[in-house]
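Below is one structure; the comments refer to it alone.
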Amino acid sequence: MPKKKSSPDWTYAAAPETTPVNIAKRYDHFIGGQWTAPKEGKYFATSNPATGKKLAEVAQGSQADVDAAVQAARAAYNGSWGKMSARERGKYIYRIARLIQERAREFAIIETMDGGKPIRESRDIDIPLAANHFFYHAGWADKLDYAFPNQKISPLGVAGQIIPWNFPFLMAAWKIAPALATGNTVVLKPAETTPLTALKLAELIADAGLPDGVVNIVTGAGETGAAIVNHPDVDKVAFTGSTAVGKQIQQAIANTEKKLTLELGGKAANIILEDGAIDQAVEGIVNGIYFNQGHVCCAGSRLFVQETVVDEVMWKLKRRMDSLIVGDPLDKNTDVGAINSKAQLKTIKKYIQAGINDGGEIYQPECQLPEKGNWCPPTVFTNVAQSSLIAQEEIFGPVLAVQTFRTVPEVIEKANNTPYGLSAGVWCDKGSRLFQITSNLQAGVVWGNTFNQFDPTSPFGGFKESGHGREGGLHGLAAYLNTSL
């Protein structure tokens, strides 16, 4: 695929990932440790968003399929898994972590082919971080009494888990690892556009020898997810996705005893103060919004720059944007890959037009986009009003809205003026002022002089319409346990 010049004088040579991977033509559900054909016999295609080429057919899950998966999970919970010692459970989770490391390159390539993200990101971030989540939670499996001292703890039972398309493998690890470490069993539904790495994980789980039914994977669209949420024998629902769907789930289980964690949308503020390290902040801006094509719930999609340094920041930011390579996600030089689906590309274009209509000044670097596939160049809007649609709503694409401020109280008020509360970032030289701002931001995660850093030991989650509950750390473990003093 053609690439954009990284400077006026030279271009990078193509460096495509050529390691062959094995993708089956058709995948069934993974239920009770067996590959199980869908009851209604229906399949749907999953394709490469960078080429439009079909990768595989995947089973369309029905109510009957979900019933079978939940039944298998319940049998495992009441059977071998529920009776197993915590120490033995931990061994299985460690084994899964090690197998992920052994097959890391394969998972990275398939993640990139199915989702459109650059291979550098899936190889260096998604897959290693997923393995770390299994390692971290494996360590806790036989130490839960120390994690929650003086409390009587017990697993919840069967966990229904629904994950999004932006980090399909990492989200599967985020949810499966703590559920297993705390003694629960799982019915997982990956997103319909990115199911392949979850299904490859099912292969790995089988290789790890995990008892049948402990992890079940059912593929499908929204109806399949709804069947999991509404199933009477599911004890816990863990959902990561849009705020709109999260609200529907919360309403659906309102009159039940099911536990619920929701990790939903965001509109993060990334704040640059005049004494911040501008060069590093520019890298943080790029990492905050153009990482994974902006398909990140905690993306720094609102940039607030102090007026005294806005010219310098914008000049350096546009210069850095000019160097970003947009193209083949399997090329190791690529910085910005393909938009996950045609539908999402249409949504992003709608918001870009809205930004123009609202009077924003748009900047996109000159780059030759591939002829096939779903593409959107890195985009930044300046002269953005607080009321503008692109400053208020989550876009889930590589579109940055820039606003300015004069004082700290002003930027805190602007940053908190959003229905979301998932994440934020602050760039500042003085520690006292940094803590003053971060402690007043209404966000579940606030980064200081960095952005988009994740670790299994650190809880992640939001406030307001960004959901409730945490994943990762002790808080994430607690979300899969009954606890009492």
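The values are calculated or read from the model by the stated rules, or taken from the named source; none is laboratory data. Owing to the predicted nature of the structure, the values given are computational and were not obtained by experimental measurement. Reconstructed Cβ throughout: ideal geometry from the backbone, glycine too, with neighbour counts over all protein chains shown. Surface areas here come from the heavy atoms of the whole protein model, side chains and all, with no ligands, DNA or RNA. Shrake-Rupley method; radii C 1.70, N 1.55, O 1.52, S 1.80 Å.
Points to keep in mind about this one:
- Considering only GluC sites (Glu not before Pro) in DSSP loops that have at most 13 other Cβ atoms within 10 Å, the longest stretch of the chain without any of them is 41-256.
- Ranking A391, W427, N166 by Cα position along the charge dipole of the chain, where only Lys, Arg, Asp and Glu carry charges on their C-beta atoms, puts N166 farthest toward the positive end.
- Projecting the Cα atoms of G82, F30, A56 onto the dipole axis of region 1-111, where Lys and Arg carry +1 and Asp and Glu carry -1 at the beta carbon, places G82 farthest toward the positive end.
- Estimated 222 nm signal from helices in the chain, with DSSP H stretches of n ≥ 4 weighted -39500 (n - 2.57), rounded to 500: -11000 deg cm²/dmol
- The chain: Rg to Rh, with Rh as the Kirkwood radius over Cα pairs: 0.97
- Diffusion constant of region 257-388 at 4 °C, which comes from Stokes-Einstein with the Kirkwood Cα-pair radius and 1.567 mPa s, µm²/s: 80 µm²/s
- Within region 19-173, the proportion of Cα pairs with more than 24 Å between them is 46 percent.
- Dipole magnitude for the chain: computed about the Cα centre from +1 point charges on Lys and Arg Cβ and -1 point charges on Asp and Glu Cβ, it is near 700 debye.
- Semi-axis lengths (Å, descending) of the ellipsoid that matches the C-alpha gyration tensor of region 208-295: 38, 18, 12
- Portion, in percent, of the accessible area of region 209-308 that falls on carbon or sulfur, probe 1.4 Å: 48 percent
- Residues in the chain average 39 Å² of solvent-accessible surface per residue, probe 1.4 Å, ligands and nucleic acids excluded.
- Positive-pole candidate from N230, C297, I272, dipole of region 224-334, charges at beta carbon: N230
- One Cα centroid belongs to region 170-247, the other to region 352-415; the line between them spans 34 Å.
- Using the Cβ of A141 as centre and a radius below 13 Å, the other residues enclosed give a net charge of +2, where K and R count +1 and D and E count -1.
- Loop-resident sites, region 298-377, for trypsin sites (Lys or Arg not before Pro), counting at most 15 other Cβ within 10 Å (DSSP): K332, K372
- Within a straight-line Cα-Cα reach of under 19 Å, K54 can be paired with the following lysines, leaving aside sequence neighbours fewer than 8 residues apart in one chain: K25, K42, K117, K200, K342, K372.
- Distance from the C-alpha centroid of region 437-485 to that of region 99-113: 27 Å, rounded to the whole angstrom.
- Rounded tilt (10° steps) of 342-357 against the dominant C-alpha axis of the chain: 30 degrees
- The relative contact order of region 182-240 comes to 43 percent, based on Cα pairs under 8 Å that sit 6 or more residues apart.
- With a simple spin-label model that places each label point 7 Å from the Cα along the Cα-to-Cβ direction, the separation between A385 and Q364 comes to 2.4 nm.
- Using a probe radius of 1.4 angstrom, the carbon and sulfur fraction of the accessible surface of region 341-449 is 47%.
- Near the amide H of T404, within less than 5 Å, lie the amide hydrogens of V305, all on another chain or at least 5 residues away, with H placed in the peptide plane.
- In region 315-360, Cα pairs under 8 Å separated by at least six residues give a relative contact order of 20 percent.
- Theoretical FRET efficiency, 1/(1+(r/R0)^6), r = Cβ-Cβ of A343 and D124, R0 22 Å, to 0.05: 0.20
- Each Lys and Arg Cβ is given +1 and each Asp and Glu Cβ -1; about its Cα centre, region 1-145 then shows a dipole of about 160 debye.
- Our summary gives the chain a relative contact order of 19 percent, counting only alpha carbon pairs under 8 angstrom and 6 or more residues apart.
- Point-to-point label distance, S484-A24, nm (Cα→Cβ direction, 7 Å offset): 4.3 nm
- The distance linking region 114-155 with region 33-93 is 20 Å (Cα centroid to Cα centroid, whole angstrom).
- Reach of K152 by Cα under 22 Å, taken over lysines that are not fewer than 8 positions away in the same chain: K83, K143, K236, K258, K259
- Local net charge near I217, Cβ-Cβ under 11 Å (Lys/Arg +1, Asp/Glu -1): -1
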